[in-house]
Amino acid sequence: MAGESRGRSYSRNPLHSFIPAKVKNILVVAVGMDGKVETSNQRNHWDKTYQSTSDFFGHEPSEFGMGAMRTFVANGAKKILELGCGQGRDAIHFLKHGMEVAAFDYSETCVNQLMERAKKMGLDKGLTASVSDLRKGIPLPDESVDACFSHMFFTMHLSEKELAFIFNECHRVLKHGGINIYSVRNVNDPHYRKGKHHGEDMWENPMGFVVHFFSLEKVQRLAVGYDLLYTKEFDDPSPPFTKKLYEVVLLKP
Ligand SMILES: C[S@@+](CC[C@H](N)C(=O)[O-])C[C@H]1O[C@@H](n2cnc3c(N)ncnc32)[C@H](O)[C@@H]1O
């Protein structure tokens, strides 16, 4: 599985060559002593947002999700875990292509919307969609999925300690040779360091969502136990505004 993605070869990405020698001091404001952040407001905010519209990010699959789908096919992946699935624009695409999808989100509204949409399209057989706050762990057995996928989930209101825990959970549930493909907003994004600061590298955007912005050092720090295969910056034009993201591919050896 290692070495192949979207018809091109992976090379071990010499990320360290991009890392500035001077690492910034991190100011911790809203993160508690236990490294946990209070996110119940964010959960309500996502839930209300999804109640007000059935297609917040659109119904079409994201470019990122379509690329990931090609990688799954190229690598023979069949059972996909999606973290922070939202209303399921990418989950539906994976189901259409015959994948089995275990999708999680902490908003009950969007999980219900995804299940209803999949049912209407006759795609619900391959889908398990569950409401779950993933900071508490991933409710799946060890080594039970071929790939983890998430589009803009790790970039949510999650402290680095919580992120490290969830990355470790993904590692636990992935089979050996499985990949973890994720996207996160990065430090070149127009909203980086704008709005209210919520500790670490988290800022509240004009829509009231708290976003965790990733540097390449953070990508590397969070790759514990994985081979970091690939990192690329890309623009995501999906509504409501264009974002600067990193695409990251990790391999569980
Ligand atoms: C930026 S949205 C992306 C949604 C979807 N991946 C997409 O691209 O259409 C992030 C999603 O993560 C979910 N989320 C945030 N924190 C979470 C947590 N701790 N546990 C589970 N889901 C969470 C939100 O409810 C939201 O649906």
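Being modelled with pLDDT of 95 or more, outside any strand (DSSP E or B), more than 12 Å from the ligand (Cβ to nearest atom) and under 22 Å from V219 (Cβ atoms) narrows it down to one of G35, G67, G98, so name that one.
Details: G35 fails: modelled with pLDDT of 95 or more; G98 fails: under 22 Å from V219 (Cβ atoms).
Checking each option against the conditions leaves just G67.
Please list, ordered by first then second residue, the pairs with beta carbon atoms under 6 Å, 6 or more apart or interchain, first in segment 44-59 and within 13 Å of V111 (Cβ to Cβ) and in contact (Cβ under 8 Å) with a residue 12 or more places away in the chain, second within 7 Å of the ligand (Cβ to nearest atom) and not in a loop (DSSP other than H, G, I, E, B).
So the pair list comes out as Y50/C110.
T109: within 14 Å of the ligand (Cβ to nearest atom), surrounded by fewer than 24 Cβ atoms within 10 Å (Cβ to Cβ), of a type outside the set (D, E, K, R) and modelled with pLDDT of 95 or more, yes or no?
Values: within 14 Å of the ligand (Cβ to nearest atom): yes; surrounded by fewer than 24 Cβ atoms within 10 Å (Cβ to Cβ): yes; of a type outside the set (D, E, K, R): yes; modelled with pLDDT of 95 or more: yes.
In short, yes.
Being at pLDDT 95 or above, under 20 Å from V145 (Cα atoms) and more than 9 Å from the ligand (Cβ to nearest atom) is true for just one of A91, A129. Which residue is that?
A129
Determine the pairs where a residue that is basic (K, R), located within segment 203-226, has a partner that is at pLDDT 95 or above and buried (at least 21 other Cβ atoms within 10 Å of the Cβ) with Cβ atoms under 8 Å apart, the partner being 6 or more residues away or on another chain.
K218/D201
Which members of segment 134-168 meet the condition of being assigned to a loop (DSSP other than H, G, I, E, B), more than 8 Å from the ligand (Cβ to nearest atom) and either among the aliphatic types (A, V, I, L, M) or buried (at least 19 other Cβ atoms within 10 Å of the Cβ) (or both)?
I138, L140, F154, S159
Any residue at all in segment 116-125 that is within 11 Å of the ligand (Cβ to nearest atom) and either modelled with pLDDT of 95 or more or assigned to a helix (DSSP H, G or I) (or both)?
no
Scan L174, L163, L245 and give me the residue that is more than 29 Å from K48 (Cβ to Cβ) and touching a residue at least 24 places away in the same chain (Cβ under 8 Å).
Selected residue: L174, the only one of L174, L163, L245 that is more than 29 Å from K48 (Cβ to Cβ) and touching a residue at least 24 places away in the same chain (Cβ under 8 Å).
Can you tell me which of (1) surrounded by 17 or more Cβ atoms within 10 Å (Cβ to Cβ); (2) part of a loop (DSSP other than H, G, I, E, B) is the one R193 doesn't meet?
For R193, the exception is condition (1).
The values are calculated or read from the model by the stated rules, or taken from the named source; none is laboratory data. Keep in mind that what you see is a predicted model, and the values were worked out from it rather than measured. Positions of Cβ are backbone-derived with ideal geometry, glycine not excepted, and every protein chain shown enters the neighbour counts.
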